[in-house]
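The values are calculated or read from the model by the stated rules, or taken from the named source; none is laboratory data. On a predicted model such as this, the values are computed, not experimentally measured, just so you know. So basically every Cβ, Gly included, is an ideal-geometry build from the backbone, and we count neighbours across all protein chains shown.
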Amino acid sequence: MLLLTGATGLLGSTLLRRLLSEGTPVRCLVRDPRRLGAQRVRVQIALGDLADPPSFRNALRGVQTVVHLAAAIRDQPQGSIEELNGIATWRMVQAAQRQGVERFVFFSALGASTYHRTRCLRAKALAEQAVREANLRSVVFAPSIIYAPGDPWLTLLERLALLPVMPVSGRGRALFQPIWAEDVADCIVATLRGDAAEPHTRHELGGPETLSHSEIVRIVLRSQGRRRALVHVPTPIVSRGLRMLERTLGPGAFATWDEAELMEVSMTSVRGAADAEALGVKPQRMAAVLGSG
Ligand SMILES: NC(=O)c1ccc[n+]([C@@H]2O[C@H](COP(=O)([O-])OP(=O)(O)OC[C@H]3O[C@@H](n4cnc5c(N)ncnc54)[C@H](OP(=O)(O)O)[C@@H]3O)[C@@H](O)[C@H]2O)c1
């Protein structure tokens, strides 16, 4: 049995389709099974929440492999970014160890470090450390930005593209190696099939190109057939505006500063697409996936 967390998310839903088509028995730890859509009748469901560690125990019963994708890039009423990414992962890996899980696959992020500027990537660094130090076989993936047509981030950019000018937070110079969710799912499947000799392995996942935030926005505009001037909104204005919005609207805010800040820090690996290629996956260019040339 494989326990998948985050199965309702961008990467989780892509991976779940793949696992089920191969006949892998999957249990999903979810907050709301309805969000699994049609797949909910094809999996075992364990109701749980990252903010509720006792729910992990039940979910882990009889599990050999955990793929832990659930994460949060904004605070939730039940837990902060630090609790949901850092402490919850530590508790999940501890519980997995106690239940005799053989292999733990975890998603960190490129550039995560304990002194990172963003809260999310500081929490990811602590989580990664907990996974590495646990007494079970582990695989850590550190991806650059992951995308798929229709995902919430690209949908937000497409909505902003309806404005007469295209707002971009900050100078738009942070660098990324965007990688398609399908390519990332291929990397996970390749890892699950293989039997690594090392007890702990780490793969940095980048797409084939290094693009600035502004270049990514231009690719999205081209895929929509829209020509717009980019207007760079100074970071202090974006951070103040989004913080005020989050205070006013709470979880209903369309974006938060913690999310926007992630687009102001580079997420690249000197290895580029090499780690994905070593797993037999050749990541596609973003423009090709979005159909913009
Ligand atoms: N997307 C990227 O660009 C990127 C970049 C670097 C690293 N990563 C990492 O890659 C992994 C997959 O990313 P993704 O983009 O697929 O994430 P995503 O689309 O944001 O999905 C997040 C998942 O976590 C679940 N979740 C959130 N809060 C939860 C809670 N309190 N309890 C239980 N489940 C909860 C969500 O379930 P609900 O349906 O209940 O909300 C959803 O299934 C994550 O670990 C992420 O940090 C992503």
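General remarks:
- Qualifying residue in the range 208-227 (condition: over 23 Å from Trp180 (Cα atoms), out of contact with any strand residue (DSSP E or B) (no Cβ under 8 Å at 6 or more places or on another chain) and of a type in the set (S, T, N, Q)): no
- Of the helices (runs of 4 or more DSSP H) lying entirely inside the range 1-106, the ones with 3 or more residues being at pLDDT 95 or above and under 19 Å from the mean Cα position of the chain (by Cα) are found at 10-21, 88-98.
- Any chance Arg35 is within 25 Å of Cys187 (Cα to Cα), in contact (Cβ under 8 Å) with a residue 24 or more places away in the chain, basic (Lys, Arg) and away from the ligand (no atom under 13 Å from the Cβ): no
- Qualifying residue in the range 133-148 (condition: within 14 Å of the ligand (Cβ to nearest atom), part of a loop (DSSP other than H, G, I, E, B), touching a residue at least 24 places away in the same chain (Cβ under 8 Å) and more than 26 Å from Ala197 (Cα to Cα)): yes
- Test set (1) over 20 Å from the mean Cα position of the chain (by Cα); (2) over 24 Å from Gln76 (Cα atoms); (3) at pLDDT 95 or above - Gly225 fails condition number: (3)
- Of the residues examined, Thr248 is one that is exposed (fewer than 12 other Cβ atoms within 10 Å of the Cβ), assigned to a helix (DSSP H, G or I) and out of contact with any Phe, Trp or Tyr (no Cβ under 7 Å at 6 or more places or on another chain).
- Residue list for the range 222-245, restricted to those being small (Gly, Ala, Ser) and surrounded by fewer than 16 Cβ atoms within 10 Å (Cβ to Cβ): Gly225, Ala229, Gly241
- All positions within the range 216-240 that are touching a residue at least 24 places away in the same chain (Cβ under 8 Å) and assigned to a helix (DSSP H, G or I): Ile216, Val217, Ile219, Val220, Leu221, Arg222, Ser223, Thr235, Val238
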